[in-house]
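Student: Please find one structure pasted underneath; my questions will follow.
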Amino acid sequence: MGRGGQTLARVAVVVRAGSAPMVWLGVLAAGAGLVPEGLTGRRIGLYGGAALFLVAAAVVAFTRQGRYRSLAAGATRAARGDFLQDRAVTVRNRRRAHRWWLLLAFAAAAGSAFAVPAAGGLLLAGAGTGLWLKARLIGGRERAAETLLWVPVDQVPRGRPAGPRMRAFRTTGPAAGDAAPGGARRR
């Protein structure tokens with residue numbers, strides 16, 4: 001790293017990092033949640049879970065989009081001395097930092113099956129899907145502007161790249177880094 005440089009992580013990768021574990025743990029909890037009859041019965045649990053899935057996906061995907069837009073509008077060019085963090089490192093660090101929250105959410109989703117079968121798991125899967133959609137929206141913004149959005153790693157409080165401490169994103173050209181717009185692996 002050069003003098004005065006910071007380590008930067010892709011905004012879309014930070015947002016997307018938790019989506020896959022949330023979806024898979026949610027699907028697993030929903031599947032296991034179909035075993036007990038529950039207080040409401042499986043049918044009501046599935047219908048309620050499907051509604052919760054859709055609501056959670058929409059709320060997570062579209063929450064704070066104005067903040068993301070304003071941070072992207074005020075973005076500054078990344079300095080020459082800044083170090084761009086690999087996608088795999090960002091994903092690994094984000095997942096490690098939140099693994100206990102994921103396990104707690106899985107336990108709560110699986111435990112809720114005794115009251116409302118599959119609903120908690122589908123809620124967790126919906127939140128993960130919402131994160132994936134949010135990363136796709138950020139990727140669309142990156143494609144339209146032909147720039148990639150980055151955030152200093154030390155300024156991402158508790159997994160929120162658009163948190164109150166964040167002043168502006170950094171930008172690079174579309175060929176920088178090893179992740180495509182939206183945070184997916186570059187092919």
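Student: Pairs please, first residue from the range 130-155 and among the acidic types (D, E), second anywhere and at pLDDT below 90 and open to solvent by 60 Å² or more (accessible area, probe 1.4 Å), Cβ atoms under 7 Å, 6+ apart in sequence or on different chains.
Tutor: Qualifying pairs under 7 Å: E146/P174.
Student: How many residues does the range 21-51 contain that are over 18 Å from the mean Cα position of the chain (by Cα), part of a helix (DSSP H, G or I) and of a type outside the set (S, T, Y)?
Tutor: Qualifying residue count for the region: 15.
Student: Within the set of pairs 6 or more residues apart or between chains, which connect a residue that is at positive phi inside the range 36-53 to a residue that is in a helix (DSSP H, G or I) and open to solvent by 30 Å² or more (accessible area, probe 1.4 Å) with Cβ atoms less than 9 Å apart?
Tutor: Listed pairs, sorted by first residue: G38/I44; G38/S112; G38/F114.
Student: Would you please name the residue that is least open to solvent (accessible area, probe 1.4 Å), looking only at residues in the range 170-187 that are on the phi < 0 side of the Ramachandran plot and within 17 Å of the chain's Cα centre (by Cα)?
Tutor: A179
Here is a yes/no grid of residues against (1) in contact with a helix residue (DSSP H, G or I) (Cβ under 7 Å, 6 or more places away or on another chain); (2) open to solvent by less than 60 Å² (accessible area, probe 1.4 Å); (3) farther than 30 Å from Y47 by Cα; (4) part of a helix (DSSP H, G or I):
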site: G81; (1), (2), (3), (4): no, yes, yes, no
site: W101; (1), (2), (3), (4): no, no, no, yes
site: G126; (1), (2), (3), (4): yes, yes, no, yes
site: T129; (1), (2), (3), (4): yes, yes, no, yes
site: P164; (1), (2), (3), (4): no, no, yes, no
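Student: Quick one: in the range 16-29, of everything that is among the hydrophobic types (A, V, I, L, M, F, W, C) and open to solvent by 10 Å² or more (accessible area, probe 1.4 Å), which residue is farthest from A184 (Cα to Cα)?
Tutor: L28
Student: Only residues that are crowded, with 20+ Cβ neighbours inside 10 Å, within 15 Å of P21 (Cα to Cα) and not aliphatic (A, V, I, L, M): list them for the range 83-93, please.
Tutor: T90 - this is the single residue of the range 83-93 that is crowded, with 20+ Cβ neighbours inside 10 Å, within 15 Å of P21 (Cα to Cα) and not aliphatic (A, V, I, L, M).
Student: Scan A108, A113, A144 and give me the residue that is open to solvent by 50 Å² or more (accessible area, probe 1.4 Å), over 19 Å from R64 (Cα atoms), touching a Gly at 6+ places or on another chain (Cβ under 7 Å) and assigned to a helix (DSSP H, G or I).
Tutor: After ruling out the rest, the residue left standing is A108.
The values are calculated or read from the model by the stated rules, or taken from the named source; none is laboratory data. Not measured: the values here are computed from a predicted model. Here Cβ is always computed from backbone atoms with ideal geometry, including for glycine, and neighbour counts include all displayed protein chains. Ligands, DNA and RNA are stripped out before the accessible areas are found, and what is left, the full protein with its side chains, is counted by its heavy atoms. Shrake-Rupley method; radii C 1.70, N 1.55, O 1.52, S 1.80 Å.
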